[in-house]
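Since the structure comes first, as structure tokens, the remarks are kept for the end.
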Amino acid sequence: MNDERTDAMDERSELLMRALDGELDAVERAAFETRLADDPDLREEWRRLSRAREATMGMKLRHPPEQVWDGYWTSVYSRTERGLGWILVSLGVIVVGGWAVWTWIGGLLADTSLPLVVRLGMIAMFTGVVILAISVVRHRINVLRTDPYKDIQR
Amino acid sequence: MSRLAASYVDAGEAMLVERASRGDNTAFGELVRRHMRSAYFAALGLVGSPDDALDLSQDAFARALKHASKLDPGRPFYPWYYAILRRLCFNFLRDRKNRQRLLDESGAWLAEDLAADGLGEHPDARLRREDARRIVGRALSRLPEGQREVLVLREFEDMKYREIAELLEIPVGTVMSRLYAARRALADALEES
């Protein structure tokens, strides 16, 4: 259902909502009761909506264990530190790793003791291993994030 | 007075926001402690999973801390924070894999209100209520985000129409129309069961 389509509110629906949420004053409430008595369609909709309201009224959002709140702020703060840490580590890995790979490839291409095809093969093999490693790590991270059984102890 | 309304008139909070905007992490920590429960429950209502709600609400606070210099001391903290939180939650829900997992677990995040429990309740009545919880959970998880958000704020956070409208920065009429659509969907689900 599209939100925009439902944003047009008619008087009858508004009346039903305000009645359900106890927002009618005494005069409005009396007028509503009269309309209910006279209009079977309205009465039927009121019954259905009241049932839905009663169902949610008997429920609440599940509370977490109280100790969750003790470490809440510490966890928030460490996330900001961790964020900065990850940025610096990633930057360092990119710079140092990039430099190492560049130097290695340069040295390999300059090494004329090996046939060119072997040198190109080594570069292709290294590139393939890096792609596979990245793919496996990314998959593991995704699984860890979404695995519903990750907290179950075997 | 609701928590949101209270935060509007809380001079102490205005001072904390002012200090936090100048980089005072202790003040920001106090703001987190004041609003962490509301944040967690708002996220839980939106994503329907306790672990994800905790993660997303903390992530939103971490992002808020990063942008604390943009805080306006003249305005309450929670609506500003909530805009960050709901964006994170909606992005999370748009991930198809997350959505499927949450649909599978629908209802697990709802609990029966103990105050509404009757002592010595008949087992049949209890089973009926557990069924209703599952149906409500599933119906809520299938609602469009905007309708679900309004319904959760009204039913579980006990906010008034005006407060919801201020929090989401939408007209009161839109709040009511979304609420009406959400309740109709819920009523349909209950009738079909």
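For the range A:41-53, the count of residues that are within 22 Å of residue B:41 (Cβ to Cβ) and out of contact with any Asp or Glu (no Cβ under 6 Å at 6 or more places or on another chain) is at least one.
A quick yes/no check of all residues on (1) open to solvent by less than 60 Å² (accessible area, probe 1.4 Å); (2) under 30 Å from residue B:23 (Cα atoms); (3) of a type outside the set (Gly, Ala, Ser):
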site: A:80; (1), (2), (3): yes, yes, yes
site: A:84; (1), (2), (3): no, yes, yes
site: A:90; (1), (2), (3): yes, yes, no
site: A:103; (1), (2), (3): no, no, yes
site: A:117; (1), (2), (3): no, no, yes
site: A:124; (1), (2), (3): no, no, no
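Restricting attention to the range A:38-61, the residues that are facing chain B (nearest Cβ under 10 Å) and either loosely packed, with under 11 Cβ neighbours inside 10 Å or outside any loop (DSSP other than H, G, I, E, B) (or both) total 15. Listed by position, the helices (runs of 4 or more DSSP H) enclosed by the range B:87-169 that each have at least 1 residues that are at pLDDT below 90 and open to solvent by 10 Å² or more (accessible area, probe 1.4 Å) are B:96-104, B:123-142, B:145-155.
If residue A:97 passes every condition in (1) in the same structural domain as residue A:127 (by TED's automatic domain parsing); (2) open to solvent by 90 Å² or more (accessible area, probe 1.4 Å); (3) of a type outside the set (A, V, I, L, M) but one, which one does it miss? That leaves (2) as the condition not met.
Just one of (1) of a type outside the set (A, V, I, L, M); (2) assigned to a helix (DSSP H, G or I); (3) in contact with a Leu (Cβ under 8 Å, 6 or more places away or on another chain) fails for residue A:64. It is (2).
Quick one: would you say residue B:57 is open to solvent by 70 Å² or more (accessible area, probe 1.4 Å), at pLDDT 75 or above, over 24 Å from residue B:184 (Cα atoms) and of a type in the set (S, T, N, Q)?
no
If the condition is being outside any helix (DSSP H, G or I) and more than 10 Å from chain A (Cβ to nearest Cβ), then the range B:43-71 contributes B:67, B:71.
Here residue A:35 passes the criteria (1) within 14 Å of chain B (Cβ to nearest Cβ); (2) open to solvent by 50 Å² or more (accessible area, probe 1.4 Å); (3) among the basic types (Lys, Arg) except the one numbered (1).
The values are calculated or read from the model by the stated rules, or taken from the named source; none is laboratory data. Everything numeric in this text was worked out from a predicted model, so none of it was measured. A quick note on method: Cβ atoms are made from the backbone with ideal geometry, for glycine too, and the neighbour counts reach across all protein chains shown. Ligands, DNA and RNA are excluded from the accessible area calculation, which covers all protein heavy atoms including side chains. Shrake-Rupley method; radii C 1.70, N 1.55, O 1.52, S 1.80 Å.
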